[in-house]
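Read the structure below first, then the notes.
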Amino acid sequence: MSVTLPGLLPELEVIRKDFPILERTLADGRPLVYLDSANTSQKPQVVIDTMVDHLERHNANIARAMHQLGAEATEAYEGARDKVAAFVNAPSRNEVIFTKNATEALNLLARTIELGPGDNVVITEMEHHSNIVPWQLACERSGAELRWFGVTDDGHLDLSNADALVDEHTKVVAFTWVSNMLGTVNPVGDLSARARAVGAVSVIDASQAAPQLPVDVAATGCDFLVFTGHKTVGPTGIGVLWGREDLLNALPPFHGGGEMIETVTMQRSTYARAPHRFEAGTPPIVEAVGLGAALDYLAHIGMDAVHAHEQAITAYALEGLATVPGLSVLGPLDAAQRGGAISFELEGVHPHDVAQVLDSRGVAIRAGHHCAKPAHARFGVQSSSRMSSYLYTTPAEIDALVEALEYTRSYFKLG
Amino acid sequence: MDLDSLYQEIILDHYKNPHHKGLREPFEAEVHHVNPTCGDEVTLRVHLSEGVVQDVSYDALGCSISQAAASVMTDLVIGKPVDEAMRIHGEFLALMQGKGTVEPDEEVLEDGIAFAGVAKFPARVKCALLSWMAWKDATTRSLEASHG
């Protein structure tokens, strides 16, 4: 029995065949039902093949090797930068900086944006720890004040005190586009405009948005945006910082080392302009190349189509989860207002036990605090279970999740 | 994976009806331990006198394995001389770190043998050990307090 829903990717079965891992079976011969894509996405064959081909045929260090392989490797690495620039609609390729991951990109900003006593940084209560801790550290170092937007009972940002929070002393407003725990989609254009109005810079954490939504940095009006490669069907070890070119070139260097300089003497150095200014040392070359292939893959399907698929699956999942007795969803209940990560509680069963029983049925979800402890504390819970879909998720997999949750209830002998 | 080897009836019984739960007086040391990967936490107090574990009281949040482990641990150590309780702790630790190869001694571990299956689930070993580590920490502090 296969369910069809409006908005599902029409070639879903073909897309699934692009992801070899989806064909594997687990213990007891059970098929894999992978619902942990907000944690990390699976990788299509084209990404795997591109990385293998690079290592087999084009491997060399970049930007310094005076030989054919060096030229090919440099072209592949810089080509990936072009693909990222196109993916986020960046006005210039120089605005795309490769980092290790989104966390490193956020740390780069928190380390280099100048702050001092009297300044403040505004974040939100629904951030991933990676968009909280770097700013806490920056404020501790500089004497700046850390402020945050609260979250309403229905899982949206509480903007009622926005005028008081973001004021003339605000230097940075940093916020997630899509919450990794609540799924909430935030008004990033409004928040960016609010930052700009007081002369602050805006920083968007697009780690959960870039996999699922069309990203257009120009349209958001933001100053900086970060995301990670491994959630956008790319490899681990590669992330992206996009920033307005004038702002990037005004920031001091982050890491010092090779490739980030203009010239070095024993007394002092001068620094390259962005992007190389922020890419000290040999970068993750094959990872960047893999990310380029991944973004090509997503662009080929079309991010509007990926988004429509996610919304269809999310709506179907919210309906299915609502049939499970004792289950409550954290965050917005309207699929149109949220992303594909759905955190929930099952009364009487701890999330780790939910995940363990689901795993015995082949259903992979995440359990815990999802690196969002303050967001959990806001709702008075210590941890939750989270399912997260992606472009390869089928309605049948959601049915398998719901069936496995029913089994979990019976296993723990709940009414 | 054999779910029933993990979730023994004994574990589920202790989870539903934990022994010695709640924070009590008197105590010489109180500790708060968390499992940072999953967020499970326990606040635990130890009361020692005349070299004997007089009471272990706790407040804990977490999964069935961590909650049941706390309950079983209090059964095993309350009323025991501290050095004997430490030996039981060592035995339980060896069982948990044995990757399923250690045969538990029911004479020593009593209901604790139900956790033998947990050792085969590496992600859950820390759940079973959380309250034991808290107990060891609190006991060490209690001893230091009484000697200091």
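Every number in this text was worked out from the coordinates using simple rules, so none of it is lab data. Predicted model only: the values in this text are computed from it and were never measured. Glycine also receives a Cβ, built like all others from the backbone with ideal geometry; neighbour counts cover every protein chain displayed.
Amide H to amide H, with H built 1.01 Å from N, residue A:184 comes under 5 Å of A:179, A:339, counting only residues 5 or more places away or on other chains. A dipole drawn for the protein assembly as shown from +1 and -1 charges on Cβ atoms has a positive end, and of B:125, A:192, A:233 the residue lying farthest that way is A:192.
Of interest is the spacing of the C-alpha centroids, which for segment A:323-363 and segment B:50-116 amounts to 32 Å. For residue A:151, the residues 5 or more places off, or on other chains, whose built amide H falls under 5 Å of its own are A:158. The Cβ shell under 11 Å around residue A:217 holds other residues with a net charge of -2, Lys and Arg each +1, Asp and Glu each -1.
Quick check on the exposure proxy: order A:4, A:74, A:103 from fewest to most C-beta atoms within 10 angstrom. Ascending number of Cβ neighbours within 10 Å: A:4, A:74, A:103. Its Cα gyration tensor gives segment B:1-140 an equivalent ellipsoid; the semi-axes, largest first and in whole Å, are 23, 16, 13.
Couplings for segment A:103-112, taken from phi via the Karplus curve 6.51 cos²θ - 1.76 cosθ + 1.60 with θ = phi - 60°, read 4, 5, 4, 5, 5, 4, 5, 5, 7, 10 Hz in order; Gly and Pro are left as x. The packing ranking of peptides A:14-21, B:131-138, A:180-187, highest mean first, is A:180-187, B:131-138, A:14-21, where packing means the average number of other beta carbon atoms within 10 angstrom of each residue. Each of B:7, A:407, B:58 was scored by other Cβ atoms within 10 Å of its Cβ. Listed from fewest to most, they are A:407, B:7, B:58.
Compute the signed sum of charges (Lys and Arg +1, Asp and Glu -1) over the other residues within less than 15 Å, Cβ to Cβ, of residue B:33. With Lys, Arg at +1 and Asp, Glu at -1, the neighbours total -1.
When only Cα pairs below 8 angstrom with a gap of at least 6 residues are kept, chain A shows a relative contact order of 22 percent.
Within 10 Å of the Cβ of each residue in A:352-364, the mean number of Cβ atoms contributed by other protein chains is 4. Backbone amide hydrogens, once placed in the peptide plane, bring residue A:115 within less than 5 Å of nothing, excluding anything fewer than 5 places away on its chain. Give me the net charge for the shell around residue B:59: Cβ to Cβ below 15 angstrom, other residues only, Lys and Arg +1, Asp and Glu -1. In short, -2.
Ordering B:21-27, A:381-387 by mean Cβ neighbour count within 10 Å, with the highest value first, yields A:381-387, B:21-27. Rg to Rh for chain A: what is it, with Cα atoms only and Rh by Kirkwood? Rounded to two decimals, Rg over Rh is 0.99.
Neighbour counts of other Cβ atoms within 10 Å put A:43, B:126 in the fewest-to-most order B:126, A:43.
The charge dipole of chain B, taken about its Cα centre with unit charges on the Cβ atoms of Lys, Arg (+1), Asp and Glu (-1) only, comes to about 480 debye.
Go ahead and set up a Gaussian network model of chain A, Cα springs under 10 Å, then flag whichever of A:198, A:289, A:306 fluctuates most. The residue with the greatest mean-square fluctuation here is A:198. Within chain B, the whole DSSP H helices whose Cα atoms reach 15 Å or more along their own axis and whose mean Kyte-Doolittle score is at least 0.0 are B:64-77, B:82-96.
When the pairs A:231/A:413; A:43/A:413; A:373/B:21; A:43/B:16; A:100/A:171; A:17/B:126 are compared against a 30 Å limit on Cα-Cα distance, A:231/A:413; A:43/A:413; A:43/B:16; A:17/B:126 fall above it. Go ahead and collect, in residue order, the members of segment A:207-230 whose backbone nitrogen is under 12 Å from a label point 7 Å along the Cα-Cβ direction of residue A:304. From segment A:207-230, the list is A:214. Based on alpha carbons, the Rg and Dmax found for segment A:337-415 are 12.7, 35 Å.
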